[in-house]
1. For the range 22-61, name all the residues that are surrounded by fewer than 15 Cβ atoms within 10 Å (Cβ to Cβ) and away from the ligand (no atom under 16 Å from the Cβ).
2. Any chance you could count how many residues in the range 62-76 are outside any loop (DSSP other than H, G, I, E, B), under 12 Å from the mean Cα position of the chain (by Cα) and more than 12 Å from the ligand (Cβ to nearest atom)?
3. With at pLDDT 95 or above and in a strand (DSSP E or B) as the only criterion, which of V26, V88 stands out?
4. Hey, could you check the range 77-108 for residues that are of a type in the set (A, V, I, L, M) and over 20 Å from D17 (Cβ atoms) and say which is nearest to the chain's Cα centre (by Cα)?
5. So, of the residues in the range 77-101 that are away from the ligand (no atom under 15 Å from the Cβ) and of a type in the set (D, E, K, R), which turns out to be farthest from A28 (Cα to Cα)?
Amino acid sequence: MADANETEKWTDLGPADLLPGEHKSVEAGWRNLALFNLNGTWHAIEDVCTHDGGELSTGSFEGTTITCPRHGAQFDVPTGKALCFPAVTPTAVFPVRVENGRVLVSLD
Ligand code: FES
């Protein structure tokens, strides 16, 4: 049995139902996240473009790069790093794990 602190740290995002190469938007408390399955490795980033608030999860996704649908800024999903203008600031990344078929994210 997990101790109380361990249980509190992780937020359940629901079933691990993304196929490799897929992504979607999910709510986690007051945050909107973009969740990705990169060939079996799961990643979560803030679903907000650091240029002007675009919803990254609605952009195109190829390899490890998500492209903002508003003005074309690109972000590296594993690191959140801004890869090109007009974004220069990274978007937040959050640790993810899959346990018993559920996706868990740490928002700390
Ligand atoms: S809001 Fe994303 S590139 Fe401008």
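The values are calculated or read from the model by the stated rules, or taken from the named source; none is laboratory data. Note that the coordinates shown come from a computational prediction; the quantities given were computed from them, not determined experimentally. Cβ coordinates were reconstructed from backbone atoms using ideal geometry, including for glycine residues, and neighbour counts include every protein chain displayed.
1. Of everything in the range 22-61, those that are surrounded by fewer than 15 Cβ atoms within 10 Å (Cβ to Cβ) and away from the ligand (no atom under 16 Å from the Cβ) turn out to be E22, E27, G29, W30, N39, G40, T41.
2. At the first step, the residues of the range 62-76 found to be outside any loop (DSSP other than H, G, I, E, B) are 62, 65-67, 74-76.
Adding the requirement that they be under 12 Å from the mean Cα position of the chain (by Cα) leaves 65-66, 75-76.
The next check asks that each one be more than 12 Å from the ligand (Cβ to nearest atom); those that pass are 65, 76.
Number of matching residues: 2.
3. On the way: V88 fails: in a strand (DSSP E or B).
Selected residue: V26, the only one of V26, V88 that is at pLDDT 95 or above and in a strand (DSSP E or B).
4. Applying the first criterion (of a type in the set (A, V, I, L, M)) to the range 77-108 yields 77, 82-83, 87-88, 92-93, 96, 98, 103-105, 107.
Keeping just the survivors that are over 20 Å from D17 (Cβ atoms) gives 82-83, 87-88, 92-93, 107.
Values: A82: 14, L83: 16, A87: 17, V88: 18, A92: 8, V93: 6, L107: 11 Å.
The extreme case among them is V93.
5. In this case the residue turns out to be E99.
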